[in-house]
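*Asks:* I'd like to ask some things about the structure below.
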Amino acid sequence: MLMKARGILHFLLREDSMIKRKRGPISYRDGRVLIVEDDLLQRELLSQVVRTYGCEAIAAEEGAEALAMVRQDEPDVVLTDVVMPGMSGLELCRAIKDDISIAHIPVIIVTSLSEKQHMLEGIEAGADEFLTKPIDPQEVGLRIGNAISAKRLFEDLRKNYCRLKELEQARDSLTHMMVHDMRSILMGISGNAELLKMRTQDRLRPDEVRFLENILTNISSMVEMVGTVLDVSRMENGKMPINITRTDIRDVVNKAIDLLGVRHCNVAMKVELPDTPAYAECDPDVICRVLTNLIANALKFTRGLEYPEISIFVVHDKDTVRVSVSDNGPGIPAEEHRTIFQKYGQGVTAMDRGGRHSSGMGLYFCMLAIEAHGGTIGVESSPGQGATFHFDLKASGDMS
């Protein structure tokens, strides 16, 4: 043992001299290494190795003390023996990896070549690296250097992620403020345009009346788009109230159809509702908004077709009420099925084929609204085969 210790000390003195003359590839990885070892000689030897490679060494004699130090001081690496009085090294590793606030700290387990079971248990506990006894000082330096680099890479990623979240929040706050002011302006424009129409329509030529009606239609679309953006912001922040009541979904479907005036559009309309009430636990106004979004999308992507078709189905059982809206539009490729439900997401292929543009907020609002009800929403579609959007809500008790 003493001969081995002398050999290690001789190596350390030689390495320390070399590092002072020429900074090696590991020495730049300055960091704090917590050494957990109950044997004094081993603890001092490991500490000297760590210092030789330009790191600060702090030490603990047993697992519980080390865990307290990790939580308080957050070292860059934990280098721990397996067998110690009280909390073992494996238990220490498991405790670190089970705590989300410190789980990113690398843990290196020191074990003997003959203790394969310790290595397996260490892997199960979440250990990042292993060192075998008798220790090789150069291997210790390499593994500690790699562990410190990995931890600092994680910290950089976390810092960048937090910065991106701050920027995203600032962007959303600015968007919310601008959109809120925009709605007031649009409402003023809409009101004045309506007055202009009322006062001048008997003096305008038919084409001028049509121009004015187009202006009003576009303003209405913009007001609806602005409202969706504001509702999405409120829902994301949990500030949009959801008033759950026992609702017959058939009534919601008919209301959405009437609001959009679909029955008067140049489109083949098929509506299949159950003969008995389809009760669901939901906010009827919010679900009506979801339906108008889905039906409006179907209208948008069938516009211009020779034979546009839209179908609305409601089916239910004792557990679930499903509402589906289908169209015979250009369809959506499978790779875009998830994208279109994301914030600002748009199905590029479907948009190109349909020749329509949107804010990418409508389906995102639908997803947030349905998930707020504890339901699910999805789409079934492929290019050239139309699209079917559907959502499921929890059924409300007796369906009779």
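*Asks:* Within segment 247-271, how many residues are surrounded by 14 or more Cβ atoms within 10 Å (Cβ to Cβ) and modelled with pLDDT of 75 or more? Lay out the reasoning, then the answer.
*Replies:* First, pick out the residues of segment 247-271 that are surrounded by 14 or more Cβ atoms within 10 Å (Cβ to Cβ): 247-257, 259-260, 262, 265, 267, 269, 271.
Remaining after also requiring modelled with pLDDT of 75 or more: 247-257, 259-260, 267, 269, 271.
Total satisfying the criteria: 16.
*Asks:* Which pairs turn up if I take residues in segment 107-119 that are modelled with pLDDT under 75 and look for partners that are surrounded by fewer than 16 Cβ atoms within 10 Å (Cβ to Cβ) and among the β-branched types (Val, Ile, Thr) with beta carbon separation below 7 Å, at least 6 apart in sequence or on another chain?
*Replies:* If the second residue must be surrounded by fewer than 16 Cβ atoms within 10 Å (Cβ to Cβ) and among the β-branched types (Val, Ile, Thr), the pairs left are Leu113/Thr132.
*Asks:* Another one. Can Val140 be described as modelled with pLDDT of 85 or more, on the phi < 0 side of the Ramachandran plot, surrounded by 13 or more Cβ atoms within 10 Å (Cβ to Cβ) and assigned to a helix (DSSP H, G or I)?
*Replies:* On the way: modelled with pLDDT of 85 or more: yes; on the phi < 0 side of the Ramachandran plot: yes; surrounded by 13 or more Cβ atoms within 10 Å (Cβ to Cβ): yes; assigned to a helix (DSSP H, G or I): yes.
Against the criterion (modelled with pLDDT of 85 or more, on the phi < 0 side of the Ramachandran plot, surrounded by 13 or more Cβ atoms within 10 Å (Cβ to Cβ) and assigned to a helix (DSSP H, G or I)), Val140 qualifies.
*Asks:* Give me the strands (runs of 3 or more DSSP E) completely within segment 271-339, filtered to those with at least 2 residues that are over 23 Å from Gly384 (Cα atoms) and β-branched (Val, Ile, Thr), ordered by residue number. Can you show your working first?
*Replies:* Details: elements: 279-282, 309-316, 320-327.
Per the criteria, 309-316, 320-327.
*Asks:* Is it the case that Asn297 is closer than 22 Å to His180 by Cα, within 31 Å of the chain's Cα centre (by Cα) and not assigned by TED's automatic domain parsing to the domain that holds Arg183? Can you show your working first?
*Replies:* Working: closer than 22 Å to His180 by Cα: no; within 31 Å of the chain's Cα centre (by Cα): yes; not assigned by TED's automatic domain parsing to the domain that holds Arg183: yes.
No, not satisfied.
*Asks:* Please find, among Ile185, Ile189, the residue that is over 30 Å from Met367 (Cα atoms) and not basic (Lys, Arg).
*Replies:* On the way: Ile185 fails: over 30 Å from Met367 (Cα atoms).
Exactly one residue qualifies, and that residue is Ile189.
*Asks:* Among the residues of segment 32-51, count how many are more than 15 Å from Val82 (Cα to Cα), outside any helix (DSSP H, G or I) and in contact with a helix residue (DSSP H, G or I) (Cβ under 7 Å, 6 or more places away or on another chain).
*Replies:* 1
*Asks:* Within segment 79-102, take every residue that is within 27 Å of the chain's Cα centre (by Cα) and of a type in the set (Val, Ile, Thr) and give me the one that is farthest from Phe130 (Cα to Cα).
*Replies:* Here the residue is Ile100.
*Asks:* Under the condition of being in a helix (DSSP H, G or I) and at pLDDT below 90, which residue from segment 52-88 is surrounded by the most Cβ atoms within 10 Å (Cβ to Cβ)?
*Replies:* Thr52
The values are calculated or read from the model by the stated rules, or taken from the named source; none is laboratory data. Remember, predicted model here, so these are calculated numbers, not experimental data. Every residue, glycine as well, gets a Cβ built from its backbone with ideal geometry; the counts of neighbours run over all protein chains shown.
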